[in-house]
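*Asks:* Structure incoming, see below.
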Amino acid sequence: MSGAPLSATAIVAALRAGRLSARAVVEDSLGRIRAQDATINAFTDVVAERALARADALDAARARGEETGPLSGVPFAVKNLFDIAGLPTRAGSLINRGRAPAARDGFLVRRLEAAGAVLLGGLNMGEYAYDFTGENAHDGPSRNPRDIAHMAGGSSGGSGAAVAAGMVPLALGSDTNGSIRVPSSLCGLFGLKPTYGRLSREGSFPFVSSLDHLGPMAGSVADLALSYDAMQGPDAEDPMQAPRPIEPTLPELEKGLGGLRIAVAGGHFARGGEPVAQQAVALAAQALGASRVVDIPEAARARAAAYVITAAEGAALHAERLRARPQDFDPDVRDRLIGGLAIPAGWVARAQRFRRWYQARVMALFQEVELILAPATPARAPLLGQKTLVLEGQTVPLRPNLGIYTQPVSFIGLPVVAVPLWPDAGLPIGVQIIAPPWREDLALRAARALERDGVARCGVFQAG
Amino acid sequence: MTEPLPPVTEEEARAAVALAARLAGVPLREEWQAAAATSYLATVAAARLVLDFPLEDEAEYAPVFRPVFRA
């Protein structure tokens with residue numbers, strides 16, 4: 001294999017046609033990792049032996065005429081908060097490296113491998129997922145393959161970097177306040193944050209149970225749908241998973257925009273970003289025929305409520321570790337977790353009550369429109385090490401403000417597809433396509449329409 | 001309408017964080033205190049937005065948050 005890497009969809013087709021073996025695909029990915037990762041720093045663990053053994057098993061099964069699944073031979077990697085059998089689940093931290101190795105893979109890893117995919121390793125991330133930058137005090141920053149002087153975004157920074165560098169066509173991330181959508185925006189990828197409670201979180205290290213989601217990042221909408229469909233399914237071991245049937249999205253992708261009412265989010269989502277963020281939304285809106293503007297009520301307050309819940313639940317989760325080993329945290333994370341210890345319980349209860357109020361108001365909007373467009377980030381990828389952003393003439397701290405547009409959406413668990421746009425010759429920036437709960441299919445359909453029309457593109461992988 | 005909540009000074013934030021750390025048994029080094037207090041003040045500002053918003057007493061939160069949508 002040579003040239004641009006293949007998309008997941010193209011790999012599956014090539015294996016089915018007998019043009020490629022799983023071993024050749026996996027060796028190609030491992031070669032790309034060897035060639036690039038010293039610079040990109042996306043991987044923290046590469047499980048090459050396991051991956052090659054798995055590829056050989058897939059090839060042997062196919063040689064026997066067995067069906068090996070819809071993701072046959074597709075290499076993938078996971079943010080290192082997912083359990084990988086035999087490795088301690090580090091979650092971006094130094095402290096967790098002392099944990100016992102995971103006895104088995106996390107649920108979503110098992111689902112993908114059951115569908116024929118091949119795990120290549122664990123990916124760099126912001127410590128304990130409390131991050132929007134992709135920087136990490138212990139493992140170094142993930143670098144943005146679009147320009148290595150820039151951030152990959154976080155906290156799923158290694159996931160964004162590994163896919164944008166073409167090392168793997170598919171990566172898993174987690175998204176509590178935007179950690180799939182921010183790196184998707186900064187690295188120029190498609191990312192799916194499903195509805196809260198859709199995909200099992202079993203076998204992943206938590207951050208904020210009230211807000212944690214898991215999902216895929218990829219170079220095309222079809223690859224997102226292919227992997228998302230394979231990961232759906234009930235898991236009795238995740239107490240937060242909602243009882244939903246498997247609802248495949250891949251058959252829906254080419255249905256187009258017929259009957260979809262699409263609006264642009266105004267108010268909070270039209271303020272506070274660099275002009276390029278709004279330009280990207282305008283391009284998507286024009287292509288999707290979205291001329292209406294809707295106001296998501298109290299979105300800034302929703303962001304604030306997510307902020308309070310995050311700080312309090314995060315501090316509560318890590319209190320024992322703060323007590324025993326405070327010096328071993330990433331300083332940026334430790335300071336916020338210690339600050340979170342002082343949050344009164346009443347504030348958290350109030351934020352949770354507000355969450356219910358807000359959800360009811362946003363659901364009313366979905367009686368009028370099926371999809372809402374909003375910027376994914378207020379700016380393109382900042383430089384590594386950058387600490388502030390200048391937004392509307394104001395200098396603001398970078399870390400919390402990269403999530404101003406993602407937090408009010410994940411706060412009530414809405415499914416979102418982040419799509420990459422290129423408003424000019426500079427770096428990409430993402431747009432969120434926001435759908436009602438359980439309608440990932442609608443957001444993916446609109447994303448596919450933008451991709452088909454060349455409005456949204458990743459540009460890293462060969463489609464076939 | 002109730003009166004606006006009083007402002008919190010940096011000194012008060014430092015004291016609140018120091019007490020919370022002590023209650024949690026977290027050793028708080030001198031050099032960490034300013035950043036932890038700054039972080040706490042950012043959360044205070046966010047919490048003000050939430051606390052200032054009127055909610056009915058009957059507005060309960062769900063023990064398990066499950067998004068609902070009926071088309």
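*Asks:* Can you run phi through the Karplus equation (6.51, -1.76, 1.60; θ = phi - 60°) for the stretch B:26-38 and list ³J(HN,Hα) in whole Hz, with x for Gly and Pro?
*Replies:* 3J(HN,Hα) across the stretch B:26-38, in whole Hz: 8, x, 10, 6, 3, 6, 9, 5, 5, 5, 5, 5, 4.
*Asks:* P(r) for chain B, please, calculated from all Cα pair distances in 5 Å bins and given in %.
*Replies:* That works out to 3, 12, 17, 15, 14, 13, 13, 7, 4, 2, 0, 0, in percent per bin.
*Asks:* So what's Rg/Rh here for the stretch A:128-282, counting alpha carbon atoms and using the Kirkwood radius for Rh?
*Replies:* Values: Rg = 16.3 Å, Rh = 16.7 Å.
A ratio of 0.98.
*Asks:* Could you work out, residue by residue across B:47-60, how many beta carbons of other chains sit within 10 Å of that residue's beta carbon, and then give the average as an integer? Working shown, then result.
*Replies:* Working: counts 13, 3, 11, 17, 8, 2, 10, 1, 5, 2, 1, 1, 8, 4.
Partner-chain Cβ atoms within 10 Å, mean over residues of B:47-60: 6.
*Asks:* Using only atoms on other chains, find how many Cβ atoms lie within 10 Å of each Cβ of peptide A:346-358 and report the average. Intermediate values should be presented prior to the final figure.
*Replies:* Details: counts 2, 7, 3, 2, 7, 7, 7, 10, 7, 5, 6, 6, 1.
Across the residues of A:346-358, the mean count of other-chain Cβ atoms within 10 Å is 5.
*Asks:* Take peptides A:148-156, A:123-131, A:329-337 and line them up by average Cβ neighbours within 10 Å, highest first, as a rough protection proxy.
*Replies:* On the way: A:148-156: 28.2, A:123-131: 29.9, A:329-337: 22.6.
For the peptides A:148-156, A:123-131, A:329-337, the packing ranking is A:123-131, A:148-156, A:329-337.
*Asks:* Evaluate peptide A:213-226: per residue, the Cβ atoms of other protein chains within 10 Å of its Cβ; return the mean as an integer.
*Replies:* 0
*Asks:* Also: State the Kirkwood hydrodynamic radius of the stretch A:247-320 in Å, one decimal place, computed from all pairs of distinct Cα atoms. Intermediate values should be presented prior to the final figure.
*Replies:* Values: mean 1/r = 0.0642 Å⁻¹.
15.6 Å is the Kirkwood radius here.
*Asks:* Please list, in chain and number order, the residues 5+ apart from A:ALA456 or on another chain whose amide H is under 5 Å from its amide H, with Hs placed from the backbone.
*Replies:* Long-range HN contacts for A:ALA456: A:GLU451.
*Asks:* Now for a separate question. Tally the DSSP beta bridges in the protein assembly as shown and give the antiparallel ones as a percent, rounded to 5.
*Replies:* Just about 65 percent of them are antiparallel.
*Asks:* Find how many whole Å separate the alpha carbon centroid of the stretch A:128-149 from the alpha carbon centroid of the stretch A:275-348.
*Replies:* With the stretch A:275-348 and the stretch A:128-149 each reduced to a Cα centre, they are spaced 18 Å.
*Asks:* How much length would be gained if the chain were fully extended between A:GLU254 and A:GLN367, taking 0.36 nm per residue of separation minus their Cα-Cα distance, in nm to one decimal? Mind showing how you got there, number by number?
*Replies:* Working: separation 113, 0.36 × 113 = 40.68 nm, distance 2.38 nm.
Answer, rounded to one decimal: 38.3 nm.
*Asks:* Hey, any idea what Rg/Rh is for the protein assembly as shown, computing Rh the Kirkwood way over Cα pairs?
*Replies:* Values: Rg = 22.0 Å, Rh = 23.0 Å.
Taking Rh as the inverse mean 1/r over Cα pairs, Rg/Rh reads 0.96.
*Asks:* In deg cm²/dmol, rounded to 500, what helix-only [θ] at 222 nm does the protein assembly as shown give when every DSSP H run of at least 4 residues adds -39500 (n - 2.57) and the total is split over its residues? Display every interim value, and only then the final one.
*Replies:* Working: 16 runs with 207 residues, N = 535.
Rounded to the nearest 500, it is -12000 deg cm²/dmol.
*Asks:* Okay, next question. Cut-off is 10 Å between beta-carbons; in what order do A:THR377, B:THR43 appear when sorted fewest neighbours first?
*Replies:* Details: A:THR377 33, B:THR43 23.
Ranked by crowding around the Cβ, least crowded first: B:THR43, A:THR377.
*Asks:* How many angstrom lie between the C-alpha centres of the stretch A:156-235 and the stretch A:1-53?
*Replies:* Distance between centres, Cα-based: 19 Å.
*Asks:* Based on the mean of other beta carbon atoms within 10 Å per residue, what is the order of A:160-173, B:47-60, most packed first?
*Replies:* Numbers: A:160-173: 30.8, B:47-60: 14.6.
The packing order, highest mean first, is A:160-173, B:47-60.
*Asks:* Using mean Cβ contacts within 10 Å as the protection proxy, how do A:454-461, A:348-355, A:194-201 order, highest first?
*Replies:* Numbers: A:454-461: 19.5, A:348-355: 22.0, A:194-201: 24.1.
For the peptides A:454-461, A:348-355, A:194-201, the packing ranking is A:194-201, A:348-355, A:454-461.
*Asks:* Which helices, counted as full DSSP H runs in chain A, have an axial Cα extent of no less than 27 Å and a Kyte-Doolittle average of 0.0 or above? If you can, show how the numbers build up before the last one.
*Replies:* Values: long enough: A:299-324 (37 Å, 0.28); A:345-365 (31 Å, -0.34).
Both cut-offs are met by A:299-324.
*Asks:* Okay, moving on. What angle, in degrees between 0 and 90 and rounded to the nearest 10, separates the Cα long axis of helix B:10-24 from the longest principal axis of the Cα atoms of chain B?
*Replies:* It works out to around 80 degrees.
Here, each number is a calculation from the coordinates, and none is a lab measurement. Quick caveat: nothing in here was measured; it's all calculated off a predicted structure. Quick reminder, even Gly has a Cβ in these numbers, built from the backbone with ideal geometry, and neighbours come from all protein chains shown.
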